[in-house]
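The next block holds one structure in the form of C-alpha cells; read it before the comments.
Just so you know, all these numbers are worked out from the coordinates, no wet-lab data involved. Everything numeric in this text was worked out from a predicted model, so none of it was measured. Note: ideal-geometry Cβ built from the backbone for every residue, glycine included; neighbour counts use all protein chains shown.
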Amino acid sequence: MKKYIFLLGGILFAIHSFSQQKPWSLQQCIEYALQHNIQVQQNMLSAKLSEATLLQTRMQMLPGLNGNISNSYSSGQRVDPFTNQFVAGDWTQSQNYSLSANAVLFGGFQIVNTIKQSKYDLLASQQDVLKTQNDISLNVASAYLQVLFSEELLSTAKNQADITQLQVDRTQKLVSVGNLPKGSLLDIQAQMASEEVNIVNAENNLSISKLNLIQMLNLDSINDFSI
C-alpha cells in the first residue's frame, strides 16, 4: 500500500512541476513563434502548393498510356464471323482489348515555359517563408529585449522609491524634534509620491511589453508568463 502511495505522490509531484511554466529564453520564444505564427504557416502552405504545382507541370511532359479490356457473353442465334450467316449455338464469350498512348511532340514550348514559371513561383514562395521567419525572429528579439528593459526600469524605480522612503522617515524624525522645518518633510513626501507614480508607470510599461511579446508568440495561455 505504501508503494502505491509513494507512486501516486511522485506522479502528482511530476504533474505539478510540469504545470509550473519556467521562464522563457530568447531562443525558446523565437522557436515557438516560428512554429505557431499564422503568417509563417500560410507561407509554408503556399510553398508546398507551389511545389505540388511544379510536380504536376513536369508530369505533363510524360507520355500518356490508356488500356481497356471488355468481356461479354451471348446466347441464341448469332452471326458467324467467317460465313456471315445466322447460326444457332450455346453461350458464347467474346473479349476485346485496346491500348492507346499519347505524347506531346511539340507544343510551342508552352509546357517548358510553364515549368520555368512554376520553378520561379516555388523559389519566390520559399523566399517568402525565409523572409517572414527572419522578420518574426527580429521582432520577437526586439520585444524580448523590451521586456527585459521594462523589468530593469521597474526594478530601478522600486529601488529609488525605497531610498526615498528612507529619506522620508529620516526627515520626519528630524522635523518632529525640530531640527528641520515641516516644509522639508513636505518636499520629500512630494518626491515620494512622484516615485510611486514612476513605479505605476513602469509596471504598466512592463505589462504592455509582455502583452506585445505574448501576442507575437500566439500563446494560448498567458498565466505565469516570464522571461
Inset, instruction - May I ask you to order 193-203, 29-39 by the average number of other C-beta atoms within 10 Å around their residues, highest value first? - result: 29-39, 193-203
Inset, instruction - Provide the per-residue ³J(HN,Hα) series for segment 127-137, in order, calculated from phi with Karplus coefficients 6.51, -1.76, 1.60 and θ = phi - 60°, each as a whole number of Hz, with x at glycine and proline positions. - result: 5, 4, 4, 5, 5, 5, 5, 5, 4, 5, 4
Inset, instruction - Provide the per-residue ³J(HN,Hα) series for segment 28-36, in order, calculated from phi with Karplus coefficients 6.51, -1.76, 1.60 and θ = phi - 60°, each as a whole number of Hz, with x at glycine and proline positions. - result: 5, 5, 5, 5, 5, 5, 5, 7, 10
Inset, instruction - Sequence neighbours fewer than 8 away in the same chain don't count; with that in mind, list the aspartates and glutamates whose C-alpha is under 16 Å from LYS131. - result: GLU31, ASP121
Inset, instruction - With θ set to phi - 60°, apply the Karplus curve 6.51 cos²θ - 1.76 cosθ + 1.60 along segment 177-184 and write out the HN-Hα couplings as whole Hz, x wherever there is a Gly or Pro. - result: 9, x, 7, 10, x, 5, x, 5
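So which chymotrypsin sites (Phe, Trp or Tyr not before Pro) in segment 100-207 pass both tests, a DSSP loop state and at most 16 other Cβ atoms within 10 Å of the Cβ? Intermediate results must be reported in sequence, preceding the final value.
Working: sites: PHE106, PHE109, TYR120, TYR144, PHE149; in loops: PHE106, PHE109.
Passing both the DSSP loop test and the Cβ count: PHE106, PHE109.
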